[in-house]
1. Using label points projected 7 Å from each Cα along Cα→Cβ, tell me how many nm separate residue 276 and residue 90, to one decimal.
2. Within 13 Å, Cβ to Cβ, of residue 278, how many net charges do the neighbouring residues add up to if Lys/Arg are +1 and Asp/Glu are -1?
3. For region 218-229, just list the computed ³J(HN,Hα) in residue order, Karplus coefficients 6.51, -1.76 and 1.60, θ = phi - 60°, integers in Hz, with x standing in for Gly and Pro.
4. What FRET efficiency would be calculated for the residue pair residue 230, residue 175, taking the C-beta separation as r and a Förster radius of 41 Å, to the nearest 0.05?
5. Report the local net charge at residue 218: Lys and Arg +1, Asp and Glu -1, summed over other residues whose C-beta lies under 10 Å from its C-beta.
6. Could you check which residue among 256, 163, 315 shows the biggest mean-square fluctuation in a GNM of the chain with a 10 Å Cα cutoff?
7. For region 260-266, take each phi angle, set θ = phi - 60°, evaluate the Karplus expression 6.51 cos²θ - 1.76 cosθ + 1.60, and give the result in whole Hz per residue in order, putting x for glycine and proline.
8. Which FRET efficiency, nearest 0.05, do residue 164 and residue 186 yield, Cβ-Cβ r, R0 25 Å?
Amino acid sequence: MEWQAPKIERRKSRQIKVGSVLVGGDAPISVQSMTCTDTLNIEATVAQIKALADVGADIVRVSVPSMEAAEAFKEIVSLVDVPIVSDIHFDYRIAIECAKNGAAALRINPGNIGARHKVEAVCQAAKDYGLPIRVGVNAGSLDKDLLEKYGAPNPDAMVEAALRSADILESHNFVDYAFSVKASELNLCVASYEQLAAQTDAPLHLGITEAGGLTGGTVLSSIGIGMLLAKGIGDTLRVSLAADPVEEVKVGWAILKSMHLRTRGIDVVACPTCSRHGLDVVGTVKALEARLSDIRKPIKVAVMGCIVNGPGEALRADVAVCGGKNGNSLIYEHGQMMGRISNDEILDRLESRVRALATAQE
Ligand code: SF4
């Protein structure tokens, strides 16, 4: 019998609604990203939001640094389908304006939003417009008094920052909030989330903040987010990369897919190739991923260089190709060898079979 990965038991969190997307409870773990365009440039921001939604962003966050940007935010929200979270620092009045202007949620950072009455005013706006709030603690902008108390960011300080903001919200009978406690130091970040998860049933937004460039940030995020997800912690996530945010969404999905927490689109198994390879694995995978980026149904494709491991991987794939000799390769469907084709035909054949299988799943 096929070996099955143990099922991850998710922490029981309460549920909030970010626009049309449920977060927490038994809702699928959502993937978020954030625009990096100038919010005043409505056209560029809308284009980036659409690009993020195309690769699977469930929720997109937009930074709103000024009242002028809050006006642009209103138009941006009206031009896209995906829920938009307004990201607010320093001026609580901008959060109130964004609540009026169509935000699906408000993100505030307790370390720089300021006095209690400002948090209360944001809370009232969220209540008035039926929006959730994310209390987004960041190790780089902890409240001054907590830094004085603890000397430096640590899990106690991060959790205390989160919970005392929640106390203000709850004192106004507002429970539609989520937390994040992000740090760029992996162990601090993971320990903070673990400590917080034990003290609240609020949904948790995961992320390793300022994780770095594409390669380093992907590794750091995958380890940190993966450690938490493996313990059942996490209801939504954002991979934070100094790269095109489209890559953040792709990595977020790759993390969830690799942990069997969500499925979306083709899942490619491919060998790294070696001198035995009988087909161009690297080029085939690259071209295939580009051709099939619109596929949403989960379909497993194996692209293997030769018969050493190819037939074994083909057994577990919906469609597979395995490099053979003299420019011909073996094609498999659901583990059955279907015949040999010329390497020139591989891409068209795999694409047509994947599209047919996706259609059959509709
Ligand atoms: Fe090399 Fe074949 Fe293994 Fe690919 S499957 S790495 S070509 S031995």
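1. So the label points at residue 276 and residue 90 sit 6.0 nm apart.
2. Numbers: positive: 276, 325, 340; negative: 280.
That works out to +2.
3. So the J values, rounded to whole Hz, are 5, 5, 4, 5, 5, 5, x, 5, x, 4, 6, 4.
4. Numbers: r = 28 Å, r/R0 = 0.67.
That gives a FRET efficiency of 0.90.
5. Values: positive: 250; negative: 247, 248.
Counting the neighbours of residue 218, the net charge comes to -1.
6. Of 256, 163, 315, the most mobile in the Gaussian network model is 315.
7. Result, rounded to whole Hz: 6, 9, 8, 10, 6, x, 6.
8. Details: r = 25 Å, r/R0 = 1.00.
After rounding, the FRET efficiency stands at 0.50.
Read-outs throughout are calculated quantities, based only on the coordinates presented, and are distinct from any laboratory measurement. Computed from a prediction, not measured in an experiment: that's the story for all the values here. Backbone-built Cβ (ideal geometry, glycine too); neighbour counts: all protein chains shown.
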